[in-house]
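Visitor: Sharing a structure below in structure tokens format, with a few things to ask.
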Ligand code: HEM
Ligand SMILES: *[C@@H]1O[C@H](CO)[C@@H](O)[C@H](O)[C@H]1NC(C)=O
Ligand SMILES: *[C@@H]1O[C@H](CO)[C@@H](O)[C@H](O)[C@H]1NC(C)=O
Ligand SMILES: *[C@@H]1O[C@H](CO)[C@@H](O)[C@H](O)[C@H]1NC(C)=O
Ligand SMILES: *[C@@H]1O[C@H](CO)[C@@H](O)[C@H](O)[C@H]1NC(C)=O
């Protein structure tokens, strides 16, 4: 009798807890979140203005911001965990991991946007939304790709070096490894192929692909391209600095379907780029992007929005980090 009652009580507690939790799990992002309830109607234009002014001076920062969005979302969701600096309490955050350090850039852009937002609407706009909006604005500036991005993300407090290594795909990954790393984040193979078009912009450090040049040319890379890259990137054991090269030598600052032409011509820097040719489906998608006008741009926009919803924190989870996004 007593145990029956306790079971009943336990059930009741669970049912109540479940009801309380439901609205949380259903809470979702919405387009124009900061326009509603007078939260911060200028938020999106403040971010856009900040991004524009930085990217006009250095378009590489636009590439950096798009990659920052990817690296944020794939590690603990889009929660700005990638921005947290090392601190005595957390000496080894994502920022220090091999995929992020020293290559990730654009942190100053986020700092400037956050500073402007804190002036206009203190404590309201999350760092996670700033990254998502900044990446969207960069895609427009570099590729005239325009889309609405839902907002209302909140910021996380946890950032762990090892998780960046665990969840971010490496340039030596083959197709099944790439697919698996996107699948655990809820993105499918076509999302992955579409998002890879971001490798039409920005740069890479030599160390990310010299294993394809030395000691011998990786046969999955154009031999002429490899000869050319060997001039720019000495063998790692000779190199005093880790140089950088553009990902797309034709139009390094134009987010475009040119990436897919490069992949087909074995002119991708990474083995992972070449891997998109290794299944019938992905090869077809690569070809479709080269032949169907507007298809890449439309798919890229959709996939960026989808990536922006990975494991997001919404009220009352997380926090609005401030006054800076780094602490
Ligand atoms: C498919 C798996 C991917 C792999 C293996 C990969 C790997 C890499 C690597 C190794 C670099 C060069 C880093 C360096 O050495 O400086 C790079 C750069 C870049 N990646 Fe990816 N990436 C992938 C997917 C993505 C996605 C999904 C995006 C965004 C939508 C993206 C955007 C970029 C951008 C924009 C750059 C240039 C960054 C800059 O110039 O600062 N990548 N990627
Ligand atoms: C961002 O600003 C540019 C002008 O610098 C404008 O053309 C573009 O439409 C703006 N984007 C958004 C989403 O407001
Ligand atoms: C990709 O690499 C993994 C790990 O090395 C291996 O198990 C798998 O068979 C490879 N897949 C393909 C398609 O080559
Ligand atoms: C991948 O997901 C997108 C959108 O979520 C969907 O439109 C597409 O059909 C999916 N592709 C595959 C191969 O499942
Ligand atoms: C690398 O260093 C070795 C030994 O110093 C030298 O013989 C070789 O020519 C160098 N290779 C290049 C490509 O600079």
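Visitor: The stretch 49-133: Rg/Rh from Cα coordinates, Kirkwood Rh? Walk me through the numbers before you get to the answer.
Guide: Numbers: Rg = 12.8 Å, Rh = 13.3 Å.
Here Rg/Rh amounts to 0.96.
Visitor: Still on this structure, please answer the following. Along the Cα→Cβ direction, 7 angstrom out, place labels at residue 170 and residue 249. What is the inter-label distance in nm?
Guide: So the label points at residue 170 and residue 249 sit 2.7 nm apart.
Visitor: For a Förster distance of 56 Å, can you work out the FRET efficiency between the beta-carbons of residue 30 and residue 241, rounded to the nearest 0.05? Intermediate results must be reported in sequence, preceding the final value.
Guide: Working: r = 46 Å, r/R0 = 0.82.
The pair residue 30/residue 241 has a calculated efficiency of 0.75.
Visitor: So how far apart, in nm, are the two label points at residue 220 and residue 49 if each is 7 Å from Cα heading toward Cβ?
Guide: Placing both labels 7 Å along Cα→Cβ, they lie 4.7 nm apart.
Visitor: Right, another one. How much length, in nm to one decimal, is gained on full extension between residue 227 and residue 319, taken as 0.36 nm per residue of separation minus their Cα-Cα distance? Don't skip to the end; give the middle numbers.
Guide: Details: separation 92, 0.36 × 92 = 33.12 nm, distance 5.02 nm.
Fully extending the segment from residue 227 to residue 319 adds 28.1 nm.
Visitor: Over the Cα atoms of the stretch 66-221, what is the Rg over Rh ratio if Rh follows Kirkwood? Write down the numbers at each step before the final one.
Guide: Details: Rg = 16.6 Å, Rh = 17.0 Å.
In the stretch 66-221, Rg relative to Rh is 0.98.
Visitor: Ok, one more. Determine, for each peptide in 241-253, 109-121, the mean count of other beta carbons within 10 angstrom over its residues, then list the peptides with the highest first. All intermediate terms of the calculation are to be shown ahead of the outcome.
Guide: Numbers: 241-253: 16.3, 109-121: 19.4.
Put in order of decreasing packing, that is 109-121, 241-253.
Visitor: Which order, highest average first, do 95-101, 270-276, 220-226, 296-302 follow once you tally other Cβ atoms within 10 Å for each residue and take the mean per peptide? Provide the component values of the computation, followed by the final result.
Guide: Working: 95-101: 17.7, 270-276: 21.9, 220-226: 16.1, 296-302: 20.0.
The densest-packed peptide leads the list: 270-276, 296-302, 95-101, 220-226.
Visitor: Per residue of the chain, what 222 nm ellipticity follows from adding -39500 (n - 2.57) for every DSSP H run with n ≥ 4, rounded to the nearest 500? Write out the running numbers ahead of the final one.
Guide: Working: 13 runs with 155 residues, N = 327.
Value at 222 nm, helices only, nearest 500: -14500 deg cm²/dmol.
Visitor: Same structure again: To the nearest 10 degrees, how steeply does helix 295-307 sit against the main Cα axis of the chain, on a 0 to 90 scale?
Guide: Orientation of helix 295-307: about 40 degrees from the principal axis.
Visitor: Shifting gears a bit: Based on alpha-carbon centroids, what's the gap between the stretch 185-219 and the stretch 33-72 in Å, whole number please?
Guide: 25 Å
Visitor: Going by C-beta contacts inside 10 Å, put 40, 325 in order with the fewest on the left.
Guide: Taking fewest neighbouring Cβ atoms as first place, the list is 40, 325.
Visitor: Turning to a different aspect of this structure: Can you figure out the FRET efficiency of residue 180 with residue 38, using R₀ = 35 Å and their beta-carbon distance, to the nearest 0.05? Before the final figure, lay out the partial values.
Guide: Working: r = 44 Å, r/R0 = 1.25.
It comes to 0.20.
Visitor: More than 22 Å apart: what percent of Cα pairs in the stretch 205-327 qualify? Before the final figure, lay out each step's value.
Guide: Values: 3877 of 7503 pairs.
Tail of P(r) above 22 Å: 52 percent of Cα pairs.
Visitor: Given 20 Å bins starting at zero, what is the percent of C-alpha pairs of the chain in each, up to the one with the largest pair distance?
Guide: P(r) for the chain, in whole percents per bin: 30, 54, 14, 2, 0.
Visitor: Neighbouring Cβ atoms within 10 Å as the yardstick, rank 321, 136, 283 fewest first. Spell out each step's value before the answer.
Guide: On the way: 321 24, 136 27, 283 15.
Neighbour counts put them in this order, fewest first: 283, 321, 136.
Visitor: Full-extension gain between residue 119 and residue 284, please, as 0.36 nm times their residue separation minus the C-alpha to C-alpha distance. List each step's numbers first, then the result.
Guide: Values: separation 165, 0.36 × 165 = 59.40 nm, distance 4.89 nm.
Net length gain for the segment: 54.5 nm.
Visitor: Going by how many other Cβ atoms sit within 10 Å of their own, how do 149, 184, 320, 131 line up, fewest first? Can you show the working numbers first?
Guide: Details: 149 21, 184 11, 320 16, 131 32.
The order, fewest Cβ neighbours first, is 184, 320, 149, 131.
Visitor: Same structure again: Over the chain, what is the relative contact order in percent, taking alpha-carbon pairs closer than 8 angstrom and at least six residues apart?
Guide: 26 percent
Visitor: Normalised by the number of residues in the stretch 206-275, what is the relative contact order in percent for Cα pairs under 8 Å and 6+ residues apart?
Guide: Relative contact order comes out at 40 percent.
Visitor: Over the stretch 175-306, what is the relative contact order in whole percent, taking alpha-carbon pairs under 8 Å and six or more residues apart?
Guide: Values: 159 pairs, mean separation 45.0, N = 132.
Here the relative contact order equals 34 percent.
Visitor: State, in angstrom, two size descriptors of the stretch 107-171 derived from its alpha carbons: Rg to one decimal place and Dmax to the nearest whole number.
Guide: 14.1, 41
Rule-based calculations on the coordinates, nothing more; no lab input. This one's a predicted model, so the numbers in the text were calculated from it and none came from an experiment. In this analysis, Cβ positions are derived from the backbone assuming ideal geometry, glycine residues included, and neighbour counts consider all displayed protein chains.
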